[in-house]
Amino acid sequence: MASRRVLSGLRAVRQPPPPLLLLLLLLGPWAAAGHAGKYSREKNEPAPPSKREPAAEFRMEKLNQLWEKAQRLNLPPLKLSDLHTDLKIQERDEFRWKKLKAEGLDEDGEEEAKLVRSLSVILAKYGLDGRKDSRVVSSNFVDHGPDDESLEDPRLEKLWHKAKTSGKFSSEELDKLWRELQHHKEKVQEYHALLETLGGAEAESHENAIGPVDLRGVQAEALASRHAELKDRLRSIGQGFDRLRRVSHQGYGAETEFTEPRVLDLWDMAKSANFTEKELESFREELKHFEVKIEKHNHYQKQLEISHQKLKHVESFGDQQHVTRNRERYATLEERTKELGYKVKKHMQDLSSRISRARHNEL
C-alpha cells in the first residue's frame with residue numbers, strides 16, 4: 001500500500017508543469033518584477049504622511065520656517081549658530097509650556113505670554129521680523145573689522161573711539177572691549193523689542209476688555225511680572241553702560257575678575273541681589289566655570305568662521321576632493337558650535353533664574 005503511494009507521487013512529479021507556470025518560469029525575474037510592481041505593498045499601501053522633512057532642524061514647524069528664512073537671508077555663520085541656539089531654547093520652553101498647560105498650571109496665561117515675548121525678541125534680534133535692519137549683517141568678533149560695523153548708538157561709538165585713541169589698551173583688550181560693546185548693543189535691542197511687544201500686548205488687552213479695565217487679581221500680577229522683567233533689563237543696561245564708560249576712560253585694571261560680558265553682567269547683578277556672603281562666593285565660583293564654558297564656545301565660533309572662509313576659498317577653485325574635506329570639517333565644527341551654544345544659553349538661563357529668585361526673596 002505504501003509502495004503504491006510512492007509510485008503515484010513519482011508519476012505526479014514527472015508530469016509536465018501547466019502551461020501558465022511554464023510561461024512564468026521562462027520569463028524569469030522580469031515577470032515577477034512587473035507583477036510585484038503592480039501588486040506590491042509599496043504600491044497599494046502608501047507611506048504615512050510626514051508632517052516635516054526628515055532633515056528638519058526643529059520639531060516645531062514655525063521654528064523650521066524661521067530657520068529656513070534666516071538661511072535664505074544669508075546670515076553670517078556665527079549669527080546662524082546663535083540663532084540656532086535661541087530657537088532650540090525657544091523650542092524647549094514651548095514644549096515645557098505645553099506640558100504645564102496640559103496639567104492646568106498656566107491658568108493666567110503668563111507663561112504663554114513669556115513665550116510670545118521671547119519669540120518676538122528673537123525675530124527682532126536677527127532681523128526676521130520683516131524690518132530692514134543692519135543687525136543682520138553684524139558679526140560676533142573683532143576679526144571682521146569693527147571699523148566697518150555700527151554700534152547703532154552714538155554713545156557707544158564715542159566710547160569706542162575714545163578707547164581706540166587713548167593708548168591704554170592692548171589689541172587683546174580692544175578685542176575684549178569690542179565684544180562688551182557689541183553685547184551691550186544687543187541687550188538694548190532686546191530691551192526695545194520686549195518693550196514694543198509688551199506695549200502691543202497691553203494695548204490689545206485694553207481693547208478687548210468689556211467695560212472698565214480691572215487690573216486686580218491675576219491680571220495685575222501678570223502685568224507686574226512683565227514690568228519687573230523690563231525693569232531688570234533696564235537696570236542691567238544702566239549698570240553695563242556705567243561700567244563701559246568707566247573702562248573706556250580708565251582701561252582694564254588688574255582687579256578685573258571676569259572678562260566675558262555675559263559673566264560680568266551676571267556678577268554685577270549677583271552683587272546687588274539678596275545673596276549671603278557664602279552664597280555669593282559659591283556663585284562667584286560657578287561663574288568662573290561658566291566663563292570657561294563661554295571661552296570654549298567662543299573658540300569654536302572662531303574656528304567655525306575660519307573654516308567658513310577657507311571653504312569659500314576652496315570652493316572657488318573647484319577641487320572636489322578639497323571641497324568635500326573642508327565641507328566635512330565645517331559641518332563638524334558647525335554641529336559642535338551649536339551644541340556648545342545651547343549649553344551656554346541654558347546655563348546662563350539657570351544662573352539668571354537664581355539671581356531673579358534671590359531678588360524676589362528680598363521683596
One residue from 227, 206 being modelled with pLDDT under 65 and not charged (D, E, K, R): 206
Test: residue in segment 299-318 that is in the same structural domain as residue 339 (by the TED database), under 29 Å from the mean Cα position of the chain (by Cα) and over 30 Å from residue 74 (Cβ atoms): no
Test: residue in segment 59-82 that is farther than 30 Å from residue 151 by Cα, touching a residue at least 12 places away in the same chain (Cβ under 8 Å) and hydrophobic (A, V, I, L, M, F, W, C): yes
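Rundown of residues vs (1) surrounded by fewer than 19 Cβ atoms within 10 Å (Cβ to Cβ); (2) charged (D, E, K, R); (3) in a helix (DSSP H, G or I), yes/no style:
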{"position": "257", "(1), (2), (3)": "yes, yes, no"}
{"position": "263", "(1), (2), (3)": "no, no, yes"}
{"position": "266", "(1), (2), (3)": "no, no, yes"}
{"position": "284", "(1), (2), (3)": "yes, yes, yes"}
{"position": "299", "(1), (2), (3)": "yes, no, yes"}
{"position": "308", "(1), (2), (3)": "yes, no, yes"}
{"position": "322", "(1), (2), (3)": "yes, no, yes"}
{"position": "328", "(1), (2), (3)": "yes, yes, yes"}
Residue 106 being at pLDDT 90 or above and outside the structural domain of residue 306 (by the TED database): no
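The values are calculated or read from the model by the stated rules, or taken from the named source; none is laboratory data. In this text, all values refer to a predicted model and were calculated from it rather than measured experimentally. Please note: Cβ atoms are built from the backbone with ideal geometry, for glycine as well, and neighbour counts cover all protein chains shown.
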